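Trainee: Below you will find the structure I want to go over with you.
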Amino acid sequence: MPIINRIAGFQEQMTEWRQDIHAHPEIAFQENRTSDLVAEQLQSFGIEVNRGLAITGVVGVLKNGDGPTIGLRADMDALPMQELNTFGHASKNDGKMHACGHDGHTAMLLGAAKYLAETKNFKGTVNFIFQPAEEGEGGGRVMVEEGLFEKFPCESVYGLHNKPGLDVGTFAVRPGPTMASMDTFDIKLTGRGSHAAMPHMGIDPVVIASQIVIGLQSIISRTVDANDAAVLSVTQIHSGSAMNVLPDDAYIGGTVRCFSKEVQDFIEKSIGDIADGIAKAHGASIEYGYTRRYPALINHDKQTEIAAEVAREIVGDDNVNTNMAPVMGSEDFSFLLNACPGSFLWIGNGPGTGDCILHNPHYDFNDQVLPFGATFFTRMVETQLPVG
């Protein structure tokens, strides 16, 4: 089955939703206008609307007789960055931008909700989960902690994310480890300030911080098994305020990505050991913090095969890649998968050349993708909640 004709017929409406959301981006837990739009549309379809989970989350419930339950999730939040596009639907909110395509994800799920409410070609219950705060703030974790699956039980749950670099009309998915965990670390290094012309009178935190940064690079390259994918990136170094003053302290911050708790444990300890050892060798001290933000996203085998088969029905065998490599980026759909069986897929967003990549100030979701995503969500329901 290719794209559902009726869904193709309201692509223009999905595009209007998507571009309206793009023009009015809202960041984590502030998605008030977006959630209002989602709730208004769901109500107009005749779908029960529930609000309040994770502050701005929306869950639409569509029940058609007794049967299985399924959850479909889209994220709604934007990024705190300035958009540089000049087209008509560019961001009207200074310093905020839909640079990851969550506007498209929301529009696709609304499209599926509209169609399913019209046709009711299923038997059971569909929970349409519109989640806030995916971008680093763990809205998925908050929804789960506040009782998402207790209040809206699901036997399985599915999500999509657009992927520049994959052609429109293609999908990619893999069972097992799919996206990495996301942890952050921070190190406050305390030395002793002095005149820059008399470094022997102080303990220079800038030099020590530089040695710590170099030392941290040996964790992945020399102590983590090469078969265990992991990334450690120092992303911040702050110190000093004057050209002729050696400061008292320095700050180092960064992120760690991997796929197993054992590797997480090892890296967390190693960062602290290396930083503390180098600091003490120079007479300085550290305060060290390590925060586990998102767990690794692990797709469930059975649900992934079901999702892949549905994708094949829509776009054909040759356009579904089930051997994709794991991605070192992270995604808080992992919290949903830790609480409920399911799968998370990539949907092609087009070439992704030049500036059209995720988290780029010139990015824009490809509206030609909308009917593919809406059809996928719809067919997941019709496949898993059959009438006969």
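Trainee: Which one is surrounded by the most Cβ atoms within 10 Å (Cβ to Cβ) among residues in region 156-176 that are in a strand (DSSP E or B) and of a type in the set (Gly, Ala, Ser)? Show your work before the answer.
Mentor: Initially, region 156-176 is screened for residues in a strand (DSSP E or B), giving 157-163, 171-172, 176.
Still in the running and of a type in the set (Gly, Ala, Ser): 159, 172, 176.
Numbers: 159: 26, 172: 22, 176: 13.
The qualifying residue surrounded by the most Cβ atoms within 10 Å (Cβ to Cβ) is 159.
Trainee: Considering every residue within region 142-152, establish whether at least one is surrounded by fewer than 23 Cβ atoms within 10 Å (Cβ to Cβ) and touching a Ser or Thr at 6+ places or on another chain (Cβ under 7 Å).
Mentor: No.
Trainee: Give all pairs with beta carbons closer than 9 Å in which a residue from region 18-31 that is hydroxyl-bearing (Ser, Thr, Tyr) meets a residue that is at pLDDT below 95; count only pairs at least 6 apart in sequence or on separate chains.
Mentor: If the second residue must be at pLDDT below 95, no pairs are left.
Trainee: Could you look through region 39-59, keep only residues that are in contact (Cβ under 8 Å) with a residue 60 or more places away in the chain and either more than 14 Å from residue 117 (Cα to Cα) or outside the structural domain of residue 110 (by TED's automatic domain parsing) (or both), and pick out the one that is surrounded by the most Cβ atoms within 10 Å (Cβ to Cβ)?
Mentor: Residue satisfying both the conditions and the ranking: 58.
Results for (1) in a helix (DSSP H, G or I); (2) crowded, with 22+ Cβ neighbours inside 10 Å; (3) more than 22 Å from the chain's Cα centre (by Cα); (4) not aliphatic (A, V, I, L, M), shown as yes or no for each residue.
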position: 130; (1), (2), (3), (4): no, yes, no, yes
position: 133; (1), (2), (3), (4): no, yes, no, no
position: 136; (1), (2), (3), (4): no, no, no, yes
position: 140; (1), (2), (3), (4): yes, yes, no, yes
position: 178; (1), (2), (3), (4): no, yes, no, yes
position: 183; (1), (2), (3), (4): no, yes, no, yes
position: 188; (1), (2), (3), (4): no, no, yes, yes
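Trainee: Could we say that residue 115 is hydroxyl-bearing (Ser, Thr, Tyr), touching a helix residue (DSSP H, G or I) at 6+ places or on another chain (Cβ under 8 Å) and buried (at least 24 other Cβ atoms within 10 Å of the Cβ) here? Before the answer, list the steps.
Mentor: Values: hydroxyl-bearing (Ser, Thr, Tyr): yes; touching a helix residue (DSSP H, G or I) at 6+ places or on another chain (Cβ under 8 Å): yes; buried (at least 24 other Cβ atoms within 10 Å of the Cβ): no.
It is false that residue 115 is hydroxyl-bearing (Ser, Thr, Tyr), touching a helix residue (DSSP H, G or I) at 6+ places or on another chain (Cβ under 8 Å) and buried (at least 24 other Cβ atoms within 10 Å of the Cβ).
Trainee: How many residues does region 53-72 contain that are farther than 12 Å from residue 129 by Cα and over 21 Å from the mean Cα position of the chain (by Cα)?
Mentor: 7
Trainee: Okay, moving on. Do we have residue 62 as farther than 25 Å from residue 137 by Cα, among the aliphatic types (A, V, I, L, M), assigned by TED's automatic domain parsing to the domain that holds residue 360 and buried (at least 19 other Cβ atoms within 10 Å of the Cβ) here?
Mentor: The answer is yes for residue 62.
The values are calculated or read from the model by the stated rules, or taken from the named source; none is laboratory data. Computed from a predicted model, the values in this text were never measured in an experiment. Here Cβ is always computed from backbone atoms with ideal geometry, including for glycine, and neighbour counts include all displayed protein chains.
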